Amino acid sequence: MKITFCGAAGEVTGSCTLIDTGTTRVLVDCGMFQGEHAYTRNFTPFPFDPGSVSAVIVTHAHTDHIGRLPKLVKEGFTGRIFATHPTRLLTKLMLQDAAHVMKDEARRYDRPALYRPNELGATNDLIHGVDYDTEVRVSDDFTFRLREAGHIFGSAFVEIEAAGKRLVFSGDLGNDQVPILRGTASLPDAGADAVIMEATYGDRLHDAPEQRSRRLADAVRDTVARRGTLLIPAFSLERTQEILYELNGLVENKLVPPVPFYLDSPLAIKVLPIYKEFSKYYNSEAASLKNAGDDFFVFPGLHITKSPDESRAIEEVPSPKVIIAGSGMMHGGRIMHHLSSYLNDPNTTVLVIGFQSAGTVGRKISEGAEHVTIDHVPVEVHAKVDIISAYSAHADQAKLLRWVTSGKTEPKRIFINHSEPKAAAALSEKLRTEKLLDVTVAEPEKPYDI
Ligand SMILES: [Zn+2]
């Protein structure tokens, strides 16, 4: 059996790995490249014939794991796409959002889009929802089951039995004690011939999870005391829902004073019903709140602003107030007009709760920039910037090391993907010296024999 990394090798985007048993070809994820040269790279043909692939197993609905699915279908894939039930619905939403963004960019830069919103039907029709922990048969020599990854709602890692071997693909693994989500499942006790694992934060340790809601409460209280505005730029899928969950707890337990909260993110608003539909996947704390009748996406003071007019009207409301809006990296979306209005006010706080890529406004203000440019207009930064790393959606080094040895039998071999070279080197060093494991840092498009 051969596995080939067709993305997310030496980098954190474009996840797409081909497994070839000789008789069955299956992809794990088919994600979009992001960052430098992404546009050209996403148009580059796949290094395999899409028509020869029987199935795609999707680990979760982030665009860097699903964003090239419509391209795969356009280029001849007619097999089945498997995902957990929440991921199936979230994938449809996220692809629709990605297609609209690309349509706008195509118009703005006068260039073709990778695919258009009206081309998504064929892909959506191929997606099949499957349960966690249930064996799914792709062919006579290929079965798999999805296990809880704890990264975002619906996320999974994959255990595969194929051609007499057992493989595990981590997908993206979550942090510890994440609001709403269940914890990451353990590896199979029977071991694995190979574990293919992410190492996004293979060289870092996060703040303790208990820091999260305490620092969020501090930020709200401080904003109210200064009669200022708290801006929380948040990713629409998962981070926004986690923040709402924590704010619900803070408001209902009177740990913060009453203040208006605005959920100003159209995509995040569309995601909420999917969380509600699949409450059976909540962790025990979220499930007991739900069973006690607490809808944690609704709390006193929360306003949901759907239209652009409602979004602009937030400015008319006197401070103090709290605004949660995308994009999480302050690189587009409704957060941009709020940043234009409030960054120059010393009573504003910007709460940075996610990874900020180089070149984004988020990265600049996190690094202390005194002015930034928004829509070609220079804006002075007098706002306070507060960074909470404990909200990271990815496992840190300690969790990755714990997970990889969580089964009774150690894996025979490890491949590291979904990582910048520095993080991969740090994690592989630890795996070799502390866990005595055989580690390979995946190289792009090189077939490995298992
Ligand atoms: Zn992810």
Relative packing of 326-334, 99-107, which averages over residues the other C-beta atoms within 10 Å, highest first: 326-334, 99-107
In nm, spacing of pseudo-spin labels at Glu367 and Arg413 (7 Å Cα→C-beta vector): 3.9
Highest-MSF residue in the chain out of Tyr282, Tyr39, Tyr201 [GNM, Cα springs under 10 Å]: Tyr39
The chain - Kirkwood radius from inverse mean 1/r over Cα pairs (Å): 22.6
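What is the Cα convex hull volume of the range 156-220 when expressed per residue in Å³?
Values: hull volume 7.2 nm³, N = 65.
Taking only Cα atoms, the range 156-220 has a hull volume of 111 Å³ per residue.
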Lys276/Ser340 FRET efficiency (R0 35 Å; Cβ-Cβ; nearest 0.05): 0.60
Phi-based couplings in Hz for the range 179-191 (Karplus 6.51, -1.76, 1.60; Gly and Pro marked x): x, 6, 7, 6, x, 5, 6, 7, 6, x, 4, 6, x
GNM flexibility winner over the chain from Pro112, Pro411, Pro50 (Cα, springs under 10 Å): Pro112
Candidate aspartates and glutamates for bridging to Lys412, where Cα separation is under 18 Å - those fewer than 8 sequence places away on the same chain excluded: Glu159, Glu161, Asp189, Asp193, Glu198, Glu429, Glu434, Asp438, Asp449
The chain: calculated mean residue ellipticity at 222 nm from DSSP helix runs of at least 4, using -39500 (n - 2.57): -9000 deg cm²/dmol
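Quick one: which of Lys165/Lys446; Lys103/Lys446; Lys280/Lys430; Lys74/Lys103; Lys92/Lys276 span more than 25 angstrom between C-alpha atoms?
Numbers: Lys165/Lys446 20 Å; Lys103/Lys446 33 Å; Lys280/Lys430 37 Å; Lys74/Lys103 17 Å; Lys92/Lys276 17 Å.
Pairs exceeding 25 Å: Lys103/Lys446; Lys280/Lys430.
First select every other residue whose beta carbon is under 12 angstrom from the beta carbon of Ser307; then total the charges, Lys and Arg +1, Asp and Glu -1. Walk me through the numbers before you get to the answer.
Values: positive: Lys306, Arg312, Arg334; negative: Asp264, Asp309, Glu310.
Local net charge: 0.
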Debye equation applied to the C-alpha atoms of the range 186-313, log10 I(q)/I(0) at 0.10, 0.16, 0.22, 0.23 Å⁻¹: -0.43, -0.97, -1.44, -1.49
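What does the charge add up to near Pro320, with Lys and Arg as +1, Asp and Glu as -1, over the other residues with Cβ less than 13 Å from its Cβ? Please report the intermediate quantities before stating the final value.
On the way: positive: Arg221, Arg226, Arg227, Lys321; negative: Asp222, Asp345.
Neighbourhood net charge equals +2.
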C-alpha long axis of helix 85-109 to longest principal axis of the chain, angle in °: 70
Per-residue HN-Hα couplings for the range 318-328 [Karplus 6.51, -1.76, 1.60; θ = phi - 60°; Hz; x = Gly/Pro]: x, 6, x, 7, 10, 10, 10, 8, x, 8, x
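Taking 45 Å as R0, compute the FRET efficiency from the Cβ-Cβ separation of Glu210 and Tyr39 and round it to 0.05. Before the final figure, lay out each step's value.
Working: r = 42 Å, r/R0 = 0.92.
The calculated FRET efficiency here is 0.60.
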D (Stokes-Einstein, µm²/s), Kirkwood Cα radius, the range 211-391, 1.002 mPa s at 20 °C: 130
Cα gyration tensor, the range 135-255 - rounded (a/c under 1.5), prolate or oblate: prolate
Long-range HN-HN contacts of Ile374 with modeled amide H, under 5 Å: Val379
Using θ = phi - 60° and Karplus 6.51 cos²θ - 1.76 cosθ + 1.60, couplings along the range 357-373 (whole Hz; Gly, Pro as x): 5, 4, x, 8, 4, x, 5, 4, 6, 5, 8, x, 4, 8, 8, 9, 10
Cα-projected label distance for Tyr448 with Glu434, points at 7 Å along beta-carbon direction, nm: 2.0
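To two decimal places, what compactness ratio does the range 33-172 give when its Cα radius of gyration is scaled by 2.2 N^0.38 Å?
Values: Rg = 15.5 Å, N = 140, 2.2 N^0.38 = 14.4 Å.
The reported ratio for this selection is 1.08.
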Cα long-axis angle, helix 421-433 against the chain (0 to 90 degrees, to the nearest 10): 60
Amide H contacts under 5 Å for Val130, placed H, 5+ residues apart: Ala83, Thr84, His85
Fraction in percent of alpha-carbon pairs per bin - 10 Å, the range 323-389: 22, 65, 13
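Read the figures in this text as sums done on the coordinates, not as results from a lab. Bear in mind that the values here come from a model prediction, so they are computed numbers and not experimental data. Methodologically, a virtual Cβ is constructed for each residue, glycine included, from the backbone with ideal geometry; neighbour enumeration extends over all protein chains shown.
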